[in-house]
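Note sheet for the following structure.
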2 protein chains.
Amino acid sequence: MTIPGPIDPPARLLMGPGPISAYPSVLRSMSAPLVGQYDPFMTSAMTETQELYRQVWGTRNEGTMLVDGTSRAGIEAAITSLVRPGDRVLVPVFGRFGHLLAEIAERAMAEVHTIETEWGQVFPPSVIEAAIIRVRPTLLALVQGDTSTTMNQPLDEIGAICRRHGVLFYSDATASLGGNEFEADAWGLDAATAGLQKCLGGPSGSAPITLSDAAVEVIRSRGRVEAGIREAGDESASDFVRSNYFDLGMILDYWGPRRLNHHTEATSMLYAARECARVLLLEGRDEVIARHRLAGAAMLAGVEGLGMTVFGDVAHKMTNVVAVEIPEGVAGDAARAALLEDFGIEIGTSFGPLHGKVWRIGTMGYNARKDAVLTTLAALEAVLRRFGATVPVGGGVEAAADVYAGRG
Amino acid sequence: MTIPGPIDPPARLLMGPGPISAYPSVLRSMSAPLVGQYDPFMTSAMTETQELYRQVWGTRNEGTMLVDGTSRAGIEAAITSLVRPGDRVLVPVFGRFGHLLAEIAERAMAEVHTIETEWGQVFPPSVIEAAIIRVRPTLLALVQGDTSTTMNQPLDEIGAICRRHGVLFYSDATASLGGNEFEADAWGLDAATAGLQKCLGGPSGSAPITLSDAAVEVIRSRGRVEAGIREAGDESASDFVRSNYFDLGMILDYWGPRRLNHHTEATSMLYAARECARVLLLEGRDEVIARHRLAGAAMLAGVEGLGMTVFGDVAHKMTNVVAVEIPEGVAGDAARAALLEDFGIEIGTSFGPLHGKVWRIGTMGYNARKDAVLTTLAALEAVLRRFGATVPVGGGVEAAADVYAGRG
């Protein structure tokens, strides 16, 4: 085998549903030298990161930390640690990632109940409450923002409903956190997880998680200390978590004052996660959400200005991604490939019932920017025209620029 | 909360049992821009990385890829995917990480049998074969290099034994791969996993894995496609893997020609893993092992030259780490802290029965270098003297330099 050269990616503006182009300072942070896992600098960087993410999540939860893996690792850690085999779990499904939560709960041997709504819609709280009353689950697992449909499920009334019925409330905020409101404490979340590769503007590979005291209590009741480092007085529960890597009790002990060795923290990804939260809080949490809202509104106006039809319930759309119907007669995959090859701009295809019917265009994290929005619309106009669509000249850029000028 | 500045780690020479200072080019690789997960550049970088790791592992296994998590994630993926609940697993334990394999297999609901040997020793193949005959396991799970004791378990005869008795053979090579011989095919491995943070010279957070065709067959027989992306004709087994994230069948489909979406590959960690393998193969696999052997021999001679006693069976020591008894009267943790604070050099403490008794000094990856060895020995001499030990003047540096000069 010829040994290839150093990694040298082509220039890309990532305007799909994620991953998106990371903040330059996040990329730089990962080149920082490593330190030992119990170096005082490392443990204080971990503590600092926890405090930063408390601000991002809107929580005072002690149990705020990172799971070392992609956003899916965070989901599995939450569900596997909170759900005992045979427990009932309710998953309202409004897109692909609801199916994923159900799937992960099934793997954890839960008795999984789902309710479904049409793709492009969200659930009214009353429907979720009725299902809770019927199913009487231990855990409600609910996606906040599902990129497969672009919908943003309102969560603000769900915590109170869960509390009323003694149900733990978990939400997957991978696609939404940082670009849409999220208030872990005010909304009564018991657990929430995310990834860096969406609105947080980093690479996939680290999963922020936050756990309420009630969630920690469930996890603690299932504690098990591994044989190699077990000491006198350490007791193990019989209904222990069926995973070592995802046993949040052990991860809590590693991030907590006991600093009990579990995995070796992924140092470079910790640096990245810390920087994602840092740049967000430096700009201001509300300001970043407002920037996403503006970029999202401009992109929405832009695609409509190009004569395209937006998919789904726009009133409940996430700020950071829009789904548009592929115009009649346009070869969707070929046009997307041309946008990538000729302009270096990536937009997304779709899954499941929307496959081949809609594109998904993201405006997230670093790329929730005016120049990224206008450039994408200019290139999209050119590609649509080359692929045979009749497109209003300059219609996309004009409409988006108007939104940025306050005339949208 | 005051928002902290960008990450800015102190200068550290990491000479512990890992993580160690990464190759500069590996750190640089992680600053490369992100691309989309189905960008042709990304999929070809994944394919390239698979081919690079086939060379590193010494295998032609198609099923050679990365698990997105720390080395422990790789271990759990291998064991959870290969072992059905109730299966018998045999784990020969010669240090902390043997206990970890047993623990992970217990979490996977296996019937776990262990044999143990004294810390500082390895198992003769005949002892392992006798245990296999007695236990009749489905899987033998055996650590290659256990940093807790520095021992390197010989594996070259174990594959044939396993084949003879119809047992799958898995090894955890986290601590050893890259700095010690490993021949996945020639030694008859069915599965092996590692991490980047030892001899491969990268950060923790990505776990290379290789799977034989026999292992893939077991994994495939337990296949399950998740609901959100299931298509007509996709069937699911009833004894499915009790994890979605660690279901190697799904990870194989993501890395294979089907490119079926599972997680979103951790792009920056992929870049790092690719670069770790690339620099190793550029230098040459045998040359890198020889460099580790030389650095390890020099460090061993050096600590003996300082009058210290080496722990364990030196004939079976890994090349890349040495354990030395803390000299009588020296406050071990305080001396280690002084080495870190005053010289910026990290060496390791120990676990379990060795805790407080030995230090572990690593010479791995980028730090398997003459200047790193000599600097560490010079600083260690100074610290030992300040902490009250009687130390031969220059004894460590002289002995190590002699090894480098071919006079060792």
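Some observations on this one:
- Qualifying trypsin sites (Lys or Arg not before Pro) in region B:1-63, DSSP loop, other Cβ atoms within 10 Å at most 14: B:60
- With contacts taken as Cα pairs under 8 Å and at least 6 residues apart, region B:282-328 reaches a relative contact order of 38 percent.
- Subtracting the Cα-Cα distance of residue B:134 and residue B:165 from their residue separation scaled by 0.36 nm leaves 10.1 nm.
- In this entry, region B:31-158 is assigned a mean projected area of 9.7 nm², taken as a quarter of its C-alpha convex hull surface.
- When the helices of chain A are scored as -39500 (n - 2.57) per DSSP H run of n ≥ 4 and the total is divided over every residue, the value at 222 nm lands at -12000 deg cm²/dmol.
- Spin-label model, residue B:333 to residue A:402: label points 7 Å out along the Cα-to-beta-carbon direction sit 6.8 nm apart.
- Label point 7 Å beyond Cα of residue A:239 along Cβ direction - residues of region A:199-223 with amide nitrogen under 17 Å: A:214-223
- Coil-residue GluC sites (Glu not before Pro) of region A:272-352, DSSP, other Cβ within 10 Å capped at 10: A:328
- Euclidean distance of C-alpha centroids, region A:197-218 and region A:278-300, integer Å: 20 Å
- Semi-axes of the equivalent ellipsoid for region B:1-61, Cα gyration tensor, largest first, Å: 30, 21, 9
- Burial ordering of B:276, B:162, fewest other beta-carbon atoms within 10 Å first: B:162, B:276
- Among A:254, A:170, A:38, A:23, the order by Cβ neighbours within 10 angstrom, fewest to most, reads A:38, A:254, A:23, A:170.
- Where trypsin sites (Lys or Arg not before Pro) fall in DSSP loop in region A:207-303, at most 10 other Cβ within 10 Å: A:258
- Inter-copy spacing of residue B:186 label points, which lie 7 Å from Cα along Cα→Cβ, given in nm from shortest upward: 6.4
- Summarising the overall dimensions of region B:67-112 from its C-alpha atoms, the Rg and Dmax are 10.2, 27 angstrom.
- Whichever lysines have a C-alpha closer than 26 Å to that of residue B:357, once near sequence neighbours (fewer than 8 apart) are set aside: B:198, B:317
- All-pairs Cα distance distribution in region B:287-404, expressed in whole percent, bin size 5 Å: 2, 13, 24, 27, 21, 10, 3, 0, 0
- Relative contact order, percent, chain A [alpha-carbon distance under 8 Å, six or more residues apart]: 22 percent
- Counting every pair of alpha carbons in region B:23-281, the share spaced more than 21 Å apart comes to 56 percent.
- Averaging 1/r across all pairs of distinct Cα atoms in the protein assembly as shown and inverting the result yields a Kirkwood radius of 27.2 Å.
- Kirkwood hydrodynamic radius over Cα pairs of region A:86-198, then Stokes diffusion coefficient at 37 °C and 0.692 mPa s, in µm²/s: 238 µm²/s
- Partner aspartates and glutamates for residue B:370 [C-alpha distance under 20 Å; skip if fewer than 8 residues away on the same chain]: B:283, B:286, B:287, B:304, B:346, B:381, B:398, B:402
- Label spacing, shortest first and in nm, from residue B:86 to its equivalents in the remaining copies (7 angstrom along Cα→Cβ): 1.7
- P(r) histogram, all alpha-carbon pairs of region B:157-207 included - 10 Å bins from 0, percent: 26, 46, 23, 5
- Ordering B:169, A:246, A:387 by the number of other Cβ atoms within 10 Å of each residue's own Cβ, fewest first, gives A:387, B:169, A:246.
Every number in this text was worked out from the coordinates using simple rules, so none of it is lab data. On a predicted model such as this, the values are computed, not experimentally measured, just so you know. Counting neighbours? That spans all protein chains shown, and the Cβs are built from the backbone with ideal geometry, glycine included.
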